[in-house]
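Notes follow the structure.
The values are calculated or read from the model by the stated rules, or taken from the named source; none is laboratory data. Just so it is clear, the model here is predicted, and its values are computed rather than measured. Virtual Cβ from ideal backbone geometry, glycine too; neighbours counted across all protein chains shown. The accessibility values were calculated without ligands, DNA or RNA, using every heavy atom of the protein model including side chains. Shrake-Rupley method; radii C 1.70, N 1.55, O 1.52, S 1.80 Å.
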Amino acid sequence: MHQEDLFKKLTAHCKEYGFIFQSSEIYDGLSAVYDYGQYGAELKNNIVKYWWDAMVLLNDNIVGIDSAIFMHPSVWKASGHVDAFNDPLIDNKDSKKRYRADVLIEEYIDKLEEKISKEVKKAAKRYGDKFDETMFRQTNKRVLDNIELIDSVKKRFIEASEKGDLEGIRQIIIDCKIADPESGSRNWTDVRQFNLMFETRLGSVSEDASKIYLRPETAQGIFVNFMNVQKSGRMKLPFGIAQVGKAFRNEIVARQFIFRMREFEQMEMQFFVRPGNEHEWYEYWKEKRMKWYKALGFDENKFRFHDHVKLAHYAKAAADIEFAFPFGFKEVEGIHSRTDYDLGQHQKFCGRKLQYFDTELNKSYVPYVVETSIGLDRMFLTLLAAAWDEEKIEKDNGAQDQRIVLRLPPSLAPVKLAVFPLVRKDGLPEISQKIRDDLRFDISCQYEEKDSIGRRYRRQDAIGTPFCITVDHQTKEDETVTLRYRDTMKQERVPAGKLREILGEKVSMKKLLQTL
Ligand code: ATP
C-alpha cells in the first residue's frame, strides 16, 4: 500500500473507532488541536504508565513530579525561550504555503542520503557476495559527490543558524533549488523568525495583568524544582526527575495530524549528574530509551538514531530516536546533553544558589543534565502506525475477506478482553456479565452483545483487543468458553475459571517492564 494512503487510512480509522477527534469538530475544528476519544484516552493512559513505570518504578534514583503549566515569566527569559525559541519560517509566494526553512533544508539532506543508500543497495545487488560496502562508499563518484554536497550544505546551515543569518538560510534554499513540496514552485519570500510560545495574561484587571506563557516544554518545571526535590527527597547525584504534562507551541507548519500539534503532551526526564560524567550518562540513556521502544516487539528496523545537525541553544550533544512513519523517518524522542545551562541560567536570574553539595568531592557545583524527552502524542502515532495491519482472510464459506487489525502489545491495548454472549438470551448475557464483573479489576474488559460474533471480532480487531471470549450454551454445561486470539484468530476452549491465570500474565505491564 502507498504510504500516503496508509496515513490517510490511519487518520480516518482514529476517528471511526473513537481514538482521536478533531478539536471542536462541530465548529469545523481548530487547526492542529485534537481530542482523544474513548479508546484513545485508554491507549494514551497505558503509554504513560509504560513510560512512568520504566522511569520511576524501575529506577530508585528517579522520582516523578507534576508541575504547573503556568510559570513565572522570568523562567522563559532565563531558559532562553523568549529570545531564542524561534523557528525560521518561509512562505512560498505561489502556493501561499508556509514552511519551516530548517525543515526544508533537512529534508533536502535526507533526500541526498536516500540517494546514497539507493546507490549502495543497487551495487550490493549487482556485485553480490563480492560487494565491499566501505570501499564502494569511499570510491564511487556519485556517492562521493553527494557526501560532499551534504557536508557543504550542513556546514553552511550550521554557520547561518549560529549567526542568526536568515538571508544565509534563504540562500541555501535558493542555491539547492529546493522547491515547495506541494506545488514545485521556487518562488520564496524572505526567511523570518517566529517565536513559538503562546502568550496569555495573568490577573483580572487588564492594566495589572502580567504577560505569561503557556509552557512550550515541561522540562523547566523540573529545573525550577530541582532544589525542592533534591532537598525534600534527600536525593544524591546522579538522580532524575520525571514528569508527564501538556506543552504548547504555536507551530508554523501543522499538517501532520497528531505528529505536530499546537497543544500536546510530553514525557520528560531530566537526569542530574556530576560535571564530567555527562557523556557516559548520555550514552546510557540513549541505549536505555531505544530498548524501551524495541521491547514493544515491532520491526526493529523501524527505529533508528539520528544525530542533530543543528544543536539547540542549550545542548552539548543531541540525538533523536526516529520512527519510520508513513511520511518517513521522523523524531519521536530527543535525548539531549544539556550541560549546566538551564540550572546555571536560573541561578543567574533568580539570584539563588541552585547547587549540589557533593560529599565525595567536598564541593558544591551546578549539576549537568541529560534529558530524555518524548512526545506522548507522537508515541501514540508510532504505536498506531507500527500496529496497523490490513490482512486478507478467508471467511468460513471460503470467500475472501479483509480485516483491519491493530497488533498493539497486549499490555498497551485499550481493551484487553472482550466478553461476548453468543446470543442475547438463554441466560448467556448474565453468565458473560458475571465473568466480566469478576475479571474487570485485573483486566480491562468490555462486554458486547450486539451483532454477529464475526462482526464483534472485527470491531475488537480494529481497536486492538488481544483476546475475546464467547459464552455459549456449552458454557452452561461445563463452564468453558471459547477464547479467540487477535493475531492468529485461533480459538480454543478454556475453563472460564482459568481466564485470569491464562490472560493475566499476557496482558500485564509487568511482563513488558521485566524485559527492560
Ligand atoms: P521538532 O523538531 O519535530 O519540532 P523538537 O526537536 O522541537 O521537535 P523537542 O523540543 O525536542 O522537539 O521536544 C521533545 C519531543 O516533544 C519531541 O521529540 C516530540 O516527540 C514532542 N513534540 C515536540 N513538538 C511537538 C508538537 N508540536 N506536537 C507533538 N509533539 C511534539
Exercise for the section: Grab the Cα-Cα distance for residue 477 and residue 353, subtract it from 0.36 nm times how many residues apart they are, and report the gain in nm with one decimal. Expected result: 37.3 nm
Problem - Cα long-axis angle, helix 376-387 against the chain (0 to 90 degrees, to the nearest 10) - result: 50 degrees
Fill in the blank from the handout: Rounded to the nearest 10, the angle in degrees between the Cα long axis of helix 341-350 and the longest principal axis of the Cα atoms of the chain comes to 70 degrees
Handout entry: Cα shape, segment 178-282, gyration tensor, a/c 1.5 rule
Key = oblate
Exercise for the section: Apply 1/(1 + (r/R0)^6) to the Cβ-Cβ distance of residue 508 and residue 145, taking R0 = 60 Å, and write down the FRET efficiency to the nearest 0.05. Expected result: 0.65
Problem - Built amide H within the under 5 Å cut-off of residue 62, gap 5+ - result: 240
Problem - Charge context of residue 480, other residues only, Cβ under 11 angstrom, K/R +1, D/E -1 - result: -2
Completion exercise
Probe 1.4 Å, all chains present, heavy atoms only: residue 136 accessible area in Å², nearest 10, is 30 Å²
Fill in the blank from the handout: Here P(r) for segment 408-513, Cα-Cα distances in 5 Å bins, as whole percents, is 2, 14, 26, 27, 20, 8, 3, 1, 0
Fill in the blank from the handout: For 230-237, 36-43, ranked highest to lowest by mean beta-carbon neighbours within 10 Å, the order is 36-43, 230-237
Practice task
Anything over 24 Å Cα to Cα? Flag those among 9/118; 9/302; 9/392; 155/316; 141/330, in the order listed.
Solution key: 9/118; 141/330
Practice task
Tabulate in residue order the Karplus-calculated ³J(HN,Hα) for segment 47-62, using 6.51 cos²θ - 1.76 cosθ + 1.60 with θ = phi - 60°, rounded to whole Hz; enter x for Gly and Pro.
Solution key: 5, 4, 5, 4, 6, 4, 5, 5, 8, 8, 5, 8, 10, 4, 9, 10
Problem - Accessible solvent surface per residue of the chain, calculated while the other protein chains remain in place, 1.4 angstrom probe, Å² - result: 50 Å²
Problem - Pairs of lysines in segment 408-513 (C-alpha under 20 Å apart; 8 or more residues apart or interchain) - result: 19
Exercise for the section: Work through the residues other than residue 188 whose Cβ is under 9 Å from its Cβ and net out their charges, Lys, Arg +1 and Asp, Glu -1. Expected result: 0
Fill in the blank from the handout: Computed over the chain, the distribution of all Cα-Cα distances in 20 Å bins, rounded to whole %, is 18, 47, 29, 5, 0
Exercise for the section: State whether segment 140-209 is rounded, prolate or oblate according to the following rule on the C-alpha gyration tensor (a ≥ b ≥ c being the square roots of its eigenvalues): a/c under 1.5 gives rounded; otherwise a/b larger than b/c gives prolate, and the remaining case gives oblate. Expected result: prolate
Handout entry: Distant-in-sequence amide H partners of residue 212 (H built 1.01 Å from N, under 5 Å)
Key = 200, 201, 202
Completion exercise
Inter-part gap, Cα centre of segment 11-56 to Cα centre of segment 117-143, in whole angstrom, is 44 Å
Completion exercise
For segment 510-516, in residue order, the Karplus 3J(HN,Hα) values (coefficients 6.51, -1.76, 1.60; θ = phi - 60°; whole Hz; Gly and Pro = x) are 4, 4, 5, 5, 5, 7, 7
Completion exercise
Restricting to Cα pairs under 8 Å and 6 or more apart, the percent relative contact order of the chain works out to 14 percent
Problem - Accessible surface of residue 26 - all protein chains present, 1.4 Å probe, nearest 10 Å² - result: 150 Å²
Exercise for the section: First compute the accessible area of the chain with a 1.4 Å probe, then give the percent of it belonging to carbon and sulfur atoms. Expected result: 48 percent
Fill in the blank from the handout: Here the FRET efficiency for residue 493 versus residue 61, based on Cβ atoms and R0 = 60 Å and rounded to 0.05, is 0.80
Fill in the blank from the handout: Expressed in nanometres to one decimal, the distance between label points 7 Å along Cα→Cβ at residue 159 and residue 134 is 3.2 nm
Fill in the blank from the handout: Under 5 Å from the placed amide H of residue 339, counting only residues 5+ away or on other chains, we find 316, 369
Fill in the blank from the handout: Summing +1 per Lys or Arg and -1 per Asp or Glu among the other residues with Cβ less than 14 Å from residue 450's Cβ gives +3
Exercise for the section: Please pull out the direction-averaged projected area of segment 318-467, using the convex hull of its alpha-carbon atoms, in nm² to one decimal place. Expected result: 16.1 nm²
Exercise for the section: With θ set to phi - 60°, apply the Karplus curve 6.51 cos²θ - 1.76 cosθ + 1.60 along segment 354-366 and write out the HN-Hα couplings as whole Hz, x wherever there is a Gly or Pro. Expected result: 10, 10, 10, 8, 8, 5, 5, 8, 6, 8, 9, 7, 7
Exercise for the section: List the trypsin sites (Lys or Arg not before Pro) within segment 149-211 that fall in a DSSP loop (any state other than H, G, I, E or B) and whose Cβ has at most 15 other Cβ atoms within 10 Å. Expected result: 177, 186
Practice task
Sort the following peptides by mean Cβ neighbour count (other Cβ atoms within 10 Å, averaged over residues), highest first: 366-374, 144-152.
Solution key: 366-374, 144-152
Completion exercise
Scoring segment 86-194 by relative contact order with C-alpha pairs under 8 Å, at least six apart, yields a percentage of 45 percent
